[in-house]
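One structure is given below, encoded as structure tokens.
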Amino acid sequence: MNWYDIENIDEVDSPSLVLYESRMDANIQKMISMVNGKVENLMPHVKTNKTPEVIKRMVDAGIVNFKASTISEAEIAAEQGAKEVMIAHQLVGPKINRLVKLVLAYPETLISTIIDNPESLTKLDSAAASKNITIHFYIDINNGMDRSGIKLGEGLNTLLAQIPDCKNLVFKGLHVYDGHLHQKSFEERNNKVESGFIEVEKLFAKLETEFPDIKLISGGTPSFTSHLKKTHRIASPGTCVFWDWGYEENIEEQSFDAAALLVTRVISKPTEGIVTIDLGHKSVAAENTIDKRVKLINLTDYELLSQSEEHGVLKVKNWDSIKVGDVFYGIPYHICPTVNLHDELSVIKNNRKIDTWQITARRRKINI
């Protein structure tokens, strides 16, 4: 039997997400072993899994600090016993008041967020003062991705100078995400990661003299293998808990195993050489070109020709041997947005479905 085969597959609907428990657990342990057991150097991103039980597995393994993208993700991490949750997304509008409510609701979890401009700093301080609470924050540094953050220079100096005036805020350190660096060659990627951190390291060392307890939260999954080499950096991988085809293909030095797959079935054979599966772009991330969406691991000599909302059209060579109802297993190219398309996942242990877990934080709002 193949590792991915599910004996009670008739109990698994399609298209759906399935999670292989032992492979997930192994990925968590490998992540820990890569930092030599120093779990304090890990702050995994929960945006990949969005699932309370998965976060609980990491907490049980000793990982207690997490990154999140949304209030909902932070909420489920706090519920599962996280010591700190940093929302790595600058909060605006009603989200500022939701953050205040989150801090009040989970006093045993240090809830922090990121800031990259003086106006947001002032608004956050005012919101904290209105409830007489303290909110922790990191300054988000733009070191080349140009998606968020503030560049090193006078603007940053102005922001830093404003910190002492914010009586209800605590400066926790720097957050630097280098997601634009995902070269296939580790040597090339590592060189770019480190060159991008030269000035950041100088700034961090300078700030440590005034703020001795600050932290340097660094990177994501592609740069994990660079940042883990620096023991003063806290690395933030996320995808490695589930893994996917994209990183399997491009981040070769990280030997994680695919733990989450998509189950799909043949629903039609409309013409010779063509089969249709029930895996449309509502069930797998469609941000990439058609050839970079899903890899079917128990089918060879095929081509995904097109997808619509509920259909995937395949060109196949063994058309005669394929039957309507046949099951295929696929590795998503990008697991994070794929998970966000599903309400739940089936848990597979010893080749059998044993449970169903809700992907709770795909919702934008849970309680807060």
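If Ile267 satisfies all but one of (1) in contact (Cβ under 8 Å) with a residue 60 or more places away in the chain; (2) of a type in the set (A, V, I, L, M); (3) open to solvent by 60 Å² or more (accessible area, probe 1.4 Å), what's the number of the condition it fails?
The single condition Ile267 does not satisfy is (1).
Can you name the condition, by its number, that Lys67 falls short on among (1) farther than 24 Å from Glu344 by Cα; (2) in contact (Cβ under 8 Å) with a residue 24 or more places away in the chain; (3) not aliphatic (A, V, I, L, M)?
(1)
Regarding region 171-182, can at least one residue be identified that is in contact (Cβ under 8 Å) with a residue 60 or more places away in the chain and farther than 25 Å from Val103 by Cβ?
Within region 171-182 (the criterion being in contact (Cβ under 8 Å) with a residue 60 or more places away in the chain and farther than 25 Å from Val103 by Cβ), the answer is yes, since at least one residue qualifies.
Here's the yes/no breakdown for (1) part of a strand (DSSP E or B); (2) among the aromatic types (Phe, Trp, Tyr); (3) under 22 Å from Glu75 (Cβ atoms); (4) open to solvent by less than 10 Å² (accessible area, probe 1.4 Å):
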position	(1), (2), (3), (4)
Val324	no, no, no, no
Pro337	no, no, yes, no
His342	no, no, yes, no
Leu345	yes, no, yes, yes
Ile354	yes, no, no, no
Ala361	no, no, yes, yes
Arg364	no, no, yes, no
Ile368	no, no, yes, no
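Residues that are acidic (Asp, Glu), at least 3 per element: which helices (runs of 4 or more DSSP H) completely within region 98-215 meet that?
Because the criterion is at least 3 residues that are acidic (Asp, Glu), the helices (runs of 4 or more DSSP H) in region 98-215 that meet it are 186-210.
Quick check on region 37-46: of everything there that is under 15 Å from Phe224 (Cβ atoms) and touching a residue at least 60 places away in the same chain (Cβ under 8 Å), which residue is surrounded by the most Cβ atoms within 10 Å (Cβ to Cβ)?
Restricting to residues being under 15 Å from Phe224 (Cβ atoms) and touching a residue at least 60 places away in the same chain (Cβ under 8 Å), the top hit is Pro44.
Could you identify the single residue in Ser16, Ser72, Ser22 that is open to solvent by 40 Å² or more (accessible area, probe 1.4 Å), over 21 Å from Thr231 (Cα atoms), touching a residue at least 60 places away in the same chain (Cβ under 8 Å) and of a type in the set (Ser, Thr, Tyr)?
Sole residue among the options that is open to solvent by 40 Å² or more (accessible area, probe 1.4 Å), over 21 Å from Thr231 (Cα atoms), touching a residue at least 60 places away in the same chain (Cβ under 8 Å) and of a type in the set (Ser, Thr, Tyr): Ser22.
Out of the residues in region 183-205 that are closer than 17 Å to Ile217 by Cβ and hydrophobic (A, V, I, L, M, F, W, C), which is most open to solvent (accessible area, probe 1.4 Å)?
Only one residue tops the list, namely Ala205.
For the list (1) without any contact (Cβ under 8 Å) to a residue 60 or more places away in the chain; (2) under 23 Å from the mean Cα position of the chain (by Cα), I need the number of the one condition that Gly280 fails.
With (1) without any contact (Cβ under 8 Å) to a residue 60 or more places away in the chain; (2) under 23 Å from the mean Cα position of the chain (by Cα) applied to Gly280, the lone miss is (1).
Any residue at all in region 293-314 that's in a strand (DSSP E or B), β-branched (Val, Ile, Thr) and over 22 Å from Asn2 (Cα atoms)?
Yes, region 293-314 has at least one match.
Does region 51-58 contain any residue that is of a type in the set (Ser, Thr, Tyr), in a loop (DSSP other than H, G, I, E, B) and either over 21 Å from Gly238 (Cβ atoms) or touching a residue at least 60 places away in the same chain (Cβ under 8 Å) (or both)?
yes
Residue under question is His180, and the condition is that it be under 27 Å from Pro237 (Cα atoms) and open to solvent by 20 Å² or more (accessible area, probe 1.4 Å); does it hold?
yes
Can we say Val85 is in contact (Cβ under 8 Å) with a residue 24 or more places away in the chain, buried (at least 23 other Cβ atoms within 10 Å of the Cβ) and assigned to a helix (DSSP H, G or I)?
No: the conditions fail for Val85.
So, in region 100-125, exactly how many residues are free of Cβ contacts under 8 Å to residues at least 40 places away in the same chain and open to solvent by 70 Å² or more (accessible area, probe 1.4 Å)?
Summing the residues that are free of Cβ contacts under 8 Å to residues at least 40 places away in the same chain and open to solvent by 70 Å² or more (accessible area, probe 1.4 Å) in region 100-125 gives 5.
The values are calculated or read from the model by the stated rules, or taken from the named source; none is laboratory data. Quick caveat: nothing in here was measured; it's all calculated off a predicted structure. Cβ sites come from the backbone with ideal geometry, for glycine too, and all protein chains shown count toward neighbours. Side chains included, ligands, DNA and RNA excluded: accessible areas come from the protein's heavy atoms. Shrake-Rupley method; radii C 1.70, N 1.55, O 1.52, S 1.80 Å.
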